[in-house]
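Chemist: Take this structure, written in structure tokens, and hold onto it; I'll ask about it next.
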Amino acid sequence: MWRMKAARINKTKEPLKVEDIATPKPSGEQVLVKVDSAGVCHSDLHLWEGGYAGPQGVFMKVEDRGVKFPLTPGHEVAGSIVEMGDKVTGYSKGEKVLVYPWIGDGVCPACKAGEENLCDSPRSLGVYQDGGYGEYALVPSYKYLVKLGDYDTAAAASLACSGLTAFTAVKKAAVKDGETLVIIGAGGLGLMAVQIAKAITGAKIAVVDIDDKKLDEAKKLGADIAVNSGKGDPVQGVKDATKGLGAEAVIDFVNNAKTAPNSFNMLRKRGKLVMVGLFGGSMELNLPLIPLRAFTLTGAYTGKYSDLVELVELAKKGKIQSVVSRRFKLDEVNAALEELKSGKIIGRAVINP
Ligand code: NAD
């Protein structure tokens with residue numbers, strides 16, 4: 001039996017260990033992918049830290065949400081097929097693929113509607129079962145693969161989460177030509193959202209972050225307005241840019257106790273707030289304002305397989321381009337997570353095992 005190296009979380013908050021483990025053998029519909037690139041998502045940091053800040057200082061542990069350790073994280077996985085079970089059709093060895101990691105049970109109402117990302121009993125790769133921080137990843141079915149052709153695996157990897165989540169959020173924001181869409185947080189997800197919003201809407205795009213370098217990158221990618229909320233009031237900044245009315249939609253990729261009240265307060269009448277970030281905490285809601293201003297508050301969690309296929313096509317046509325600013329080897333995984341935590345990564349880092 002082959003052996004492989006994988007970086008694993010054995011215990012939350014402790015450094016990941018690169019271990020020598022058995023390489024899984026695919027059977028039936030399963031596919032073994034040799035990992036070329038695994039994106040480092042801020043959600044991997046939350047997983048490593050063991051959970052999310054909930055209301056009133058309560059910590060929401062990932063273990064209470066069904067996560068079990070030891071675990072190989074990594075849900076943004078691109079590579080090539082090395083082995084397949086006997087029921088796999090339409091794929092061949094050596095083919096480059098992107099993995100759709102948001103795997104469900106296939107039987108709940110969400111799965112039946114094609115939204116496995118919202119399954120009642122999720123089995124997502126890199127969260128509930130081993131993912132891509134390793135030399136190989138076992139994919140439960142060829143149906144979760146997307147063909148990449150010649151498209152670069154490092155650029156493709158982050159489409160599986162950061163790209164897909166941003167795509168879902170922009171679609172949910174549903175802004176029309178000339179309307180204003182505010183993107184809070186110009187990180188891995190936010191920078192994707194700027195490009196996707198440019199590609200599929202005719203909206204004016206305002207971006208809010210606390211880091212000028214990330215705002216500069218957002219401007220390069222097409223953002224019309226950049227506001228540093230560390231230096232000025234972002235609500236005022238958005239009001240100034242919208243004749244005092246506010247934005248038709250806000251996507252909050254941070255979504256913590258600081259950003260969420262601002263996001264709420266910069267909405268125009270009939271505005272929509274799409275909450276995506278898991279930075280955590282809580283906020284007090286001014287309840288009468290929700291009906292009086294007819295606001296819509298909604299959440300977005302990753303995205304569906306059919307949207308990933310659509311997104312890969314957009315990327316292949318050059319309409320969006322992942323910002324990959326750092327590459328790490330597998331044994332540098334802890335440095336990758338630390339750099340992301342300290343806010344040093346522009347766009348995405350990838351691990352090349
Ligand atoms: P990231 O670390 O790449 O980017 C975060 C960005 O937010 C950075 O640019 C940072 O400067 C900015 N920021 C931090 N605090 C801020 C503040 N107070 N005001 C304005 N900007 C601020 O993270 P990411 O990978 O883009 O992920 C963002 C969040 O989304 C994480 O919590 C992640 O877990 C979550 N996430 C959610 C989903 C989902 O489906 N809902 C999917 C993936 C990631």
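None of the figures in this text is laboratory data; all of them are computed from the coordinates on show. What you see is a predicted model, and the numbers here were worked out from it, not measured in a lab. All Cβ positions, glycine included, derive from the backbone under ideal geometry; neighbour counts span all protein chains shown.
Chemist: Under the condition of being part of a helix (DSSP H, G or I) and of a type outside the set (A, V, I, L, M), which residue from region 329-353 is farthest from the ligand (Cβ to nearest atom)?
Modeler: Filtering region 329-353 for residues that are part of a helix (DSSP H, G or I) and of a type outside the set (A, V, I, L, M), the one farthest from the ligand (Cβ to nearest atom) comes out as D331.
Chemist: Same structure, new question: Would you mind telling me which numbered condition in (1) within 15 Å of the ligand (Cβ to nearest atom); (2) closer than 29 Å to Q56 by Cβ; (3) without any contact (Cβ under 8 Å) to a residue 60 or more places away in the chain R326 fails?
Modeler: Failing condition for R326: (2).
Chemist: Quick one: in region 205-249, which of the residues that are β-branched (V, I, T) and farther than 11 Å from G185 by Cα is surrounded by the most Cβ atoms within 10 Å (Cβ to Cβ)? Even if it seems obvious, please write down each step before you answer.
Modeler: We begin by selecting, within region 205-249, every residue β-branched (V, I, T); these are 205, 207-208, 210, 225, 227, 235, 238, 242.
Pick out the ones that are also farther than 11 Å from G185 by Cα and you get 205, 225, 235, 238, 242.
Values: I205: 24, I225: 19, V235: 20, V238: 26, T242: 19.
Ranking the qualifying residues of region 205-249, first place goes to V238.
Chemist: Quick one: is S121 over 18 Å from V31 (Cβ atoms), in a loop (DSSP other than H, G, I, E, B) and of a type in the set (S, T, Y)?
Modeler: It is true that S121 is over 18 Å from V31 (Cβ atoms), in a loop (DSSP other than H, G, I, E, B) and of a type in the set (S, T, Y).
Chemist: Where residues in region 224-246 are of a type in the set (G, A, S) and away from the ligand (no atom under 15 Å from the Cβ), which of them is nearest to the chain's Cα centre (by Cα)? Before the answer, list the steps.
Modeler: In the first step, residues of region 224-246 are kept if they are of a type in the set (G, A, S); the result is 226, 229-230, 232, 237, 241, 244, 246.
Within this subset, residues satisfying the condition of being away from the ligand (no atom under 15 Å from the Cβ) are 241, 244, 246.
Working: A241: 28, G244: 32, G246: 27 Å.
Among those that are of a type in the set (G, A, S) and away from the ligand (no atom under 15 Å from the Cβ), it is G246.
Chemist: Identify the residue in region 103-128 that is closer than 23 Å to V40 by Cα and of a type in the set (S, T, Y) and, among all such residues, is surrounded by the most Cβ atoms within 10 Å (Cβ to Cβ).
Modeler: Only one residue tops the list, namely S124.
Chemist: Of the residues Y100, Y136, Y91, only one is touching a Phe, Trp or Tyr at 6+ places or on another chain (Cβ under 7 Å) and surrounded by 22 or more Cβ atoms within 10 Å (Cβ to Cβ); which?
Modeler: On the way: Y136 fails: touching a Phe, Trp or Tyr at 6+ places or on another chain (Cβ under 7 Å); Y91 fails: surrounded by 22 or more Cβ atoms within 10 Å (Cβ to Cβ).
Matching residue, one of Y100, Y136, Y91: Y100.
Chemist: While we're here: Can you tell me which residue within region 205-223, out of those that are in contact with a helix residue (DSSP H, G or I) (Cβ under 8 Å, 6 or more places away or on another chain) and away from the ligand (no atom under 14 Å from the Cβ), is nearest to N265 (Cα to Cα)?
Modeler: I205
Chemist: Would you please name the residue that is farthest from the chain's Cα centre (by Cα), looking only at residues in region 269-298 that are part of a strand (DSSP E or B) and crowded, with 18+ Cβ neighbours inside 10 Å? Write out each step before concluding.
Modeler: In the first step, residues of region 269-298 are kept if they are part of a strand (DSSP E or B); the result is 269-275, 280, 296-298.
Those still in the list that are crowded, with 18+ Cβ neighbours inside 10 Å too: 271-275, 280.
Values: G271: 24, K272: 20, L273: 18, V274: 14, M275: 13, G280: 16 Å.
Once the filter is applied, the top-ranked residue is G271.
Chemist: Only one of (1) in contact with a strand residue (DSSP E or B) (Cβ under 9 Å, 6 or more places away or on another chain); (2) at negative phi fails for G50. Which number is that?
Modeler: G50 satisfies all of (1) in contact with a strand residue (DSSP E or B) (Cβ under 9 Å, 6 or more places away or on another chain); (2) at negative phi except (2).
Chemist: If we keep just the residues of region 299-323 that are in a helix (DSSP H, G or I) and either among the charged types (D, E, K, R) or out of contact with any Leu (no Cβ under 7 Å at 6 or more places or on another chain) (or both), which is nearest to the ligand (Cβ to nearest atom)?
Modeler: The extreme case among them is D307.
Chemist: Scan region 125-138 and tell me whether some residue there is closer than 21 Å to A349 by Cβ, within 16 Å of the ligand (Cβ to nearest atom) and of a type in the set (F, W, Y).
Modeler: First pass over region 125-138, keeping only residues closer than 21 Å to A349 by Cβ: 125-127, 130-137.
Remaining after also requiring within 16 Å of the ligand (Cβ to nearest atom): 125-127, 131-133.
Then drop every residue that is not of a type in the set (F, W, Y), which leaves 133.
Within region 125-138, one or more residues are closer than 21 Å to A349 by Cβ, within 16 Å of the ligand (Cβ to nearest atom) and of a type in the set (F, W, Y).
Chemist: If you don't mind, another one. Kindly list, by first and then second residue, each pair from a residue in region 280-293 that is within 30 Å of V62 (Cα to Cα) and within 16 Å of the ligand (Cβ to nearest atom) to a residue that is among the small types (G, A, S) and not in a loop (DSSP other than H, G, I, E, B), limited to pairs with Cβ atoms under 6 Å and residues at least 6 apart or on different chains.
Modeler: Matching pairs, first to second residue: G280/A53; G281/A53; M283/A260.
Chemist: Right, here's the next one. Condition test on P261, is it over 30 Å from T242 (Cα atoms), more than 10 Å from the ligand (Cβ to nearest atom) and more than 17 Å from the chain's Cα centre (by Cα)? Please lay out each step first, then the result.
Modeler: Details: over 30 Å from T242 (Cα atoms): no; more than 10 Å from the ligand (Cβ to nearest atom): yes; more than 17 Å from the chain's Cα centre (by Cα): yes.
Considered against the rule, which asks whether it is over 30 Å from T242 (Cα atoms), more than 10 Å from the ligand (Cβ to nearest atom) and more than 17 Å from the chain's Cα centre (by Cα), P261 comes out as no.
Chemist: If you go through region 27-45 one residue at a time, do you hit one that is assigned to a strand (DSSP E or B), basic (K, R) and touching a Ser or Thr at 6+ places or on another chain (Cβ under 6 Å)?
Modeler: Taking region 27-45 and keeping what is assigned to a strand (DSSP E or B), we get 31-40.
This time we only want the ones that are basic (K, R), so: 34.
Retained after the next criterion (residues that are touching a Ser or Thr at 6+ places or on another chain (Cβ under 6 Å)): 34.
Yes: one or more hits.
Chemist: Which ones in region 85-113 are within 23 Å of G126 (Cα to Cα), touching a residue at least 40 places away in the same chain (Cβ under 8 Å) and of a type in the set (D, E, K, R)?
Modeler: Listed by number, the residues that qualify are E95, K96.
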